[in-house]
């Protein structure tokens, strides 16, 4: 097993540990919202806007040659994929809210309400399993070659998992610990193994990164923006500045 594989395994194991042990981080279960969650959200959003999207722009010439489109068209196409990622995960959340609203408005029926909660659990778990599969797969792809890019990705996604897992655990108390955490941990491992076994063309990898970028932005904002979350702007901004400082350090040391 080479150094890159060992590093990838260590990162994936760290991601899985966050899924499995998020419930033990009691300091996150506070009101108002823990500053650490807002900090994590700021870091993940900064990763998208300061690293992923500029990186995709750098490869625009390569993508242009692959799809035989003009530069402006390729740029729009890449950003459209980011918008698609945002729209897909917004659609999942919107459907979830409507499903629960209908269940709450219906005449009291314990069985129907339990069925709605169970359906919602599996939609949330399934959609985030695909999300995790993608994050695990991209660990071994060309965009992350070298120590610094891999480390920056691991930090941003690890902190992002704190936010998404905490939100899921609040939505599905009990069920997350029984089912979801194991599915999510397995999905990120499966994505990593898939990435080692099958390499997709650079154009497809760029598309996957673009889609992931949109999903990250939506999943952070849905946790930070609702008023009842009582989110904290200072830590959110601090997370963004922290990530920007890491990028500066990469430029200086790399």
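The values are calculated or read from the model by the stated rules, or taken from the named source; none is laboratory data. Quantities reported herein were computed from a predicted structural model and do not represent experimental measurements. Cβ sites come from the backbone with ideal geometry, for glycine too, and all protein chains shown count toward neighbours.
Identify, from the list 62, 75, the residue that is surrounded by fewer than 14 Cβ atoms within 10 Å (Cβ to Cβ) and either part of a helix (DSSP H, G or I) or at pLDDT below 85 (or both).
Working: 75 fails: surrounded by fewer than 14 Cβ atoms within 10 Å (Cβ to Cβ).
Result of the check over 62, 75: 62.
Among the residues of the stretch 196-206, count how many are surrounded by fewer than 19 Cβ atoms within 10 Å (Cβ to Cβ), assigned to a helix (DSSP H, G or I) and either in contact with a strand residue (DSSP E or B) (Cβ under 7 Å, 6 or more places away or on another chain) or in contact (Cβ under 8 Å) with a residue 24 or more places away in the chain (or both). Write out each step before concluding.
To start, the set of residues in the stretch 196-206 that are surrounded by fewer than 19 Cβ atoms within 10 Å (Cβ to Cβ) comprises 196-204.
Narrowing further to those that are assigned to a helix (DSSP H, G or I): 196-197, 202-204.
Okay, now just the ones that are also either in contact with a strand residue (DSSP E or B) (Cβ under 7 Å, 6 or more places away or on another chain) or in contact (Cβ under 8 Å) with a residue 24 or more places away in the chain (or both), so 196, 202-203.
Number of matching residues: 3.
What pairs can you find where one residue is in the stretch 87-114 and over 18 Å from residue 218 (Cβ atoms), the other is part of a loop (DSSP other than H, G, I, E, B) and at pLDDT 65 or above, and their Cβ atoms are less than 9 Å apart, with a gap of 6+ or different chains?
Every condition considered, no pair remains.
Results for (1) within 25 Å of residue 202 (Cβ to Cβ); (2) at pLDDT below 85; (3) in contact with a strand residue (DSSP E or B) (Cβ under 7 Å, 6 or more places away or on another chain), shown as yes or no for each residue.
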| position | (1), (2), (3) |
| --- | --- |
| 31 | no, yes, no |
| 46 | yes, no, no |
| 84 | yes, no, no |
| 91 | no, no, no |
| 97 | no, yes, no |
| 104 | no, yes, no |
| 130 | yes, no, no |
| 133 | yes, no, no |
| 136 | yes, no, no |
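Look through the stretch 158-185, keep the residues that are out of contact with any helix residue (DSSP H, G or I) (no Cβ under 8 Å at 6 or more places or on another chain) and in a helix (DSSP H, G or I), and return whichever of them is surrounded by the fewest Cβ atoms within 10 Å (Cβ to Cβ).
Restricting to residues being out of contact with any helix residue (DSSP H, G or I) (no Cβ under 8 Å at 6 or more places or on another chain) and in a helix (DSSP H, G or I), the top hit is 178.
Going residue by residue through the stretch 146-167, is there one that turns out to be over 29 Å from residue 3 (Cβ atoms), in contact (Cβ under 8 Å) with a residue 40 or more places away in the chain and over 13 Å from the mean Cα position of the chain (by Cα)?
No: zero hits.
Please verify whether residue 27 is surrounded by fewer than 20 Cβ atoms within 10 Å (Cβ to Cβ) and modelled with pLDDT of 75 or more, treating the condition exactly as stated. Steps first, please.
On the way: surrounded by fewer than 20 Cβ atoms within 10 Å (Cβ to Cβ): yes; modelled with pLDDT of 75 or more: yes.
Criteria met by residue 27.
For the stretch 28-44, which residues satisfy the criterion of being in contact with a helix residue (DSSP H, G or I) (Cβ under 7 Å, 6 or more places away or on another chain) and farther than 24 Å from residue 179 by Cβ? Steps first, answer last, please.
Residues of the stretch 28-44 that are in contact with a helix residue (DSSP H, G or I) (Cβ under 7 Å, 6 or more places away or on another chain), as a first pass: 28, 33-44.
Result: 33, 34, 35, 36, 38, 39, 41, 42, 43, 44.
Select, from 190, 210, the only residue that is closer than 23 Å to residue 92 by Cβ, at pLDDT 90 or above and not in a loop (DSSP other than H, G, I, E, B). Please lay out each step first, then the result.
Values: 210 fails: at pLDDT 90 or above.
The match here is 190.
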